[in-house]
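Comments concern the structure below.
The values are calculated or read from the model by the stated rules, or taken from the named source; none is laboratory data. As the structure is a computational prediction, the values presented were derived from the model and not from experiment. Positions of Cβ are backbone-derived with ideal geometry, glycine not excepted, and every protein chain shown enters the neighbour counts.
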Amino acid sequence: MKRTSPNGKTPARNALTRDAAAVIAGSVLEAHLRAMSAKFEIATTNDSGAPTKAETLNVGLVNAGVYNKLEQKQLRRI
């Protein structure tokens, strides 16, 4: 007998769905941080041309006064 959750999906499928949703949410958040950084003239690439990490963009936006440290902490949790 196959175990299912209340929504009728197997536990493994629920985990895969959550993982996929987390990847999509993280990608959308990072894209938004990049767009905001570009708007406020914060570097979105490092010296070698590689994309800047989301946390570095987050810190840059706080330092530029776009949002405060509390909002920075909330974004870090995502």
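Overview of values
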quantity	calculated
Every pair of residues 6+ apart whose Cβ atoms lie under 7 Å, when the first sits in segment 26-44 and is under 21 Å from Lys73 (Cβ atoms) while the second is part of a loop (DSSP other than H, G, I, E, B) and β-branched (Val, Ile, Thr)	Leu29/Ile78; Arg34/Thr44; Met36/Val66; Ser37/Thr44; Phe40/Val66
In segment 57-78, the residues that are part of a helix (DSSP H, G or I) and over 10 Å from Ser37 (Cα atoms)	Val59, Val62, Asn63, Lys69, Leu70, Glu71, Gln72, Lys73, Gln74, Leu75, Arg76, Arg77
Qualifying residue in segment 2-11 (condition: part of a helix (DSSP H, G or I), surrounded by fewer than 13 Cβ atoms within 10 Å (Cβ to Cβ) and modelled with pLDDT of 90 or more)	no
Those residues of segment 60-78 which are under 15 Å from the mean Cα position of the chain (by Cα) and exposed (fewer than 13 other Cβ atoms within 10 Å of the Cβ), in sequence order	Lys73, Gln74, Arg76, Arg77, Ile78
Qualifying residue in segment 63-71 (condition: among the charged types (D, E, K, R) and touching a residue at least 12 places away in the same chain (Cβ under 8 Å))	no
Set Ala35, Ala43: member being at pLDDT 95 or above, surrounded by fewer than 16 Cβ atoms within 10 Å (Cβ to Cβ) and in a helix (DSSP H, G or I)	Ala35
